[in-house]
1. Would you mind classifying the range 200-274 by shape? Square roots of the alpha carbon gyration tensor eigenvalues, ordered a ≥ b ≥ c; an a/c under 1.5 is rounded, otherwise it is prolate if a/b is larger than b/c and oblate if not.
2. Answer rounded, prolate or oblate for the range 149-276, using the Cα gyration tensor with square roots of eigenvalues a ≥ b ≥ c: rounded when a/c is under 1.5, else prolate when a/b is larger than b/c, else oblate.
3. Please find, in a Gaussian network model of the chain (springs between Cα atoms separated by less than 10 Å), the residue of Asn261, Asn118, Asn71 whose mean-square fluctuation is greatest.
4. Hey, can you list the DSSP H helices of the chain whose Cα span along the axis is 20 Å or longer and whose average Kyte-Doolittle score is at least 0.5?
5. If packing is taken as the mean number of other Cβ atoms within 10 Å per residue, what is the order of 152-159, 100-107, 128-135, highest first?
6. Just to be sure I follow the rule: in the range 160-272, considering lysines 8 or more places apart or on different chains, how many pairs have Cα atoms under 23 Å apart?
7. Counting other Cβ atoms within 10 Å of each Cβ, which trypsin sites (Lys or Arg not before Pro) in the range 5-46 have at most 14 and sit in a DSSP loop?
Amino acid sequence: MIAFPNSKINIGLNVVGRRDDGYHDIETLFYPVGWCDALEIVVTPKVNSSKNAGVTFTQSGMIIPGMSDQNICLKAFALLADYFDAAQIQMHLHKSIPTQAGLGGGSSDGVAVLKLLNEVGKLGLGNAELLTMAAKLGSDCSFFVQGEPAFARGRGEELSSAPRVLEGLYVLIVKPKESISTKAAFTSITPCKPNKELSLLVKEPIENWKQTITNDFEAFAFRQFPNMEKIKQALYDQGAIYASMTGSGSAFYGVFKNPINKLKGYEHLSQWAGSL
């Protein structure tokens, strides 16, 4: 079976508190976008009483940092290993979504494994069970179980329905060469609650968002890599009605009223454009 795990952008991202477990509480709006990876899973059924032969994982496309045996797809399989009865499971991931970008590509891949194995193995796991497993994989993984716009709080796993505020518009995403350390980015933040709830701010005209909806990690990113601020400004210069960094970076996106293909002057960078 084949799936195409998609990415997300953050509309607003505020760090509102530190937690006793070492994490931070955030407030954001996760919004799905169509930049996708491709994941294939082939299952060889058991014959008679043969023992489980385990799982193999291969990968193509963009290079994923770290050891391949620590890939989130394998971590997702481990969560379901006791439920799944098969002789062999082969997984192949073709990576198109940039890593360390704030686009949630890895989280989406892991959740896609959970959903595919649930389907092909006829495990009968409902959304509640998948959400519980997804939360064990990563803070924003729960979002990808349903993949609908959602306000996120806590570590990112506390979700509530959000309106499709970008419907009918277009997005252009640009990934700088530089990557940002999530740990360093969080360390740089002094938690603070915004004056107005994000759920209210997104109801205002998008043209107002430039003044009202912020990503707390941008200031750190701009100090570390001044060229990133130039990318954001270039999106506005090319006609974006709103532009922001997504997640803790390092990708930036612009929202446009009309289709757009590339950010001029930055054609050498990874980019994706599509409708919302």
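Laboratory data are not the source of any read-out in this text; all were calculated from the coordinates shown. Everything numeric in this text was worked out from a predicted model, so none of it was measured. Glycine gets a Cβ as well: all are built from the backbone with ideal geometry, and neighbour counts include every protein chain shown.
1. oblate
2. Taking the square roots of the gyration eigenvalues as a ≥ b ≥ c, the range 149-276 is oblate.
3. Asn261
4. 105-120
5. Ranked from most to least packed, the peptides come out as 100-107, 152-159, 128-135.
6. Value for the range 160-272: 29.
7. When the trypsin sites (Lys or Arg not before Pro) of the range 5-46 are filtered for loop state and at most 14 Cβ neighbours within 10 Å, Arg19, Lys46 remain.
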